[in-house]
Amino acid sequence: MNATPPHHDDEAAARAANSPLVRDFGLLIKSATRLEQRIDTALRRECGIGHTMLEVLIRLCRRPGEEVSQRQLADDLTLTSSGTTRLIDRMEEAGLVRRVASPGDRRVALVEPTAEGRTAFLRAAGVHARVVEEFFVRPLAADDYTRLTGALAEIDRALREEAG
């Protein structure tokens, strides 16, 4: 089989694919994905819940007594409405959350943690903290960690302002 002859755009495409911007952003995404996979694996093994369920519990436990709708959860977690419904269904079946009608609008389903959900959250939060400490904090010098988190906050701020 003959190799395809070089195309005139091959060199330009190779330069673009190997650019520092592509490389650096790819490193950010790969690192975040690998860290999330480590967290998810540890949570499933030690707590019986996945990382996305933990994210729901974090959101629900952040401000006790706050009314949080399924729609707000979908927005906060960047999930589709149907994906959020399925996730909350599974969490409700596991006894971690319950749906209640909103007192202001009975068409709106609010989601709140159960006592079992709060207990599971506290156990999972410890596992999460341990993995984050091991793979996100400890590999960096304290000054580098401070610079990294400051830079990530600036990126997040710029993205939120642009979207707003």
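FYI, it's all coordinate maths here, none of it is from the lab. What you are looking at is a predicted structure, and each value in this text was computed from that prediction instead of being measured. All Cβ positions, even for glycine, are placed from backbone atoms using ideal geometry, and neighbour counts span all protein chains on display.
A few points about this structure:
- Taking a Cβ cut-off of under 12 Å around V132, the surrounding Lys, Arg, Asp and Glu residues balance to a net charge of 0, with basic ones at +1 and acidic ones at -1.
- Computed over neighbours whose Cβ is under 13 Å from that of P64, the net charge equals +1, Lys and Arg +1, Asp and Glu -1.
- Overall, the stretch 24-163 carries a charge dipole of about 420 debye about its Cα centre when +1 sits on the Cβ of Lys and Arg and -1 on the Cβ of Asp and Glu, all other atoms neutral.
- Reducing the stretch 7-70 and the stretch 79-140 to their Cα centroids gives an inter-centroid distance of 17 Å.
- Full extension of the segment from R15 to T119, taken as 0.36 nm per residue of separation minus the current Cα-Cα distance, would add 32.3 nm.
- Among V22, V97, V131, residue whose mean-square fluctuation peaks in a GNM of the chain (springs only between Cα atoms under 10 Å): V22
- Projecting the Cα positions of T119, V56, G104 onto the charge dipole of the chain (unit charges on Cβ atoms of Lys, Arg, Asp and Glu, taken about the Cα centre) puts T119 furthest along the positive direction.
- Treating r as the C-beta distance of D156 and A101 and R0 as 35 Å, the FRET efficiency rounds to 0.55.
- FRET efficiency estimate (nearest 0.05) - Cβ-Cβ, D24 to I58, R0 30 angstrom: 0.60
- The slack between Y145 and Q72, meaning 0.36 nm per residue of separation minus the straight C-alpha distance, is 23.2 nm.
- Rg/Rh, computed from the Cα trace of the chain with Rh as the Kirkwood radius, has the value 1.11.
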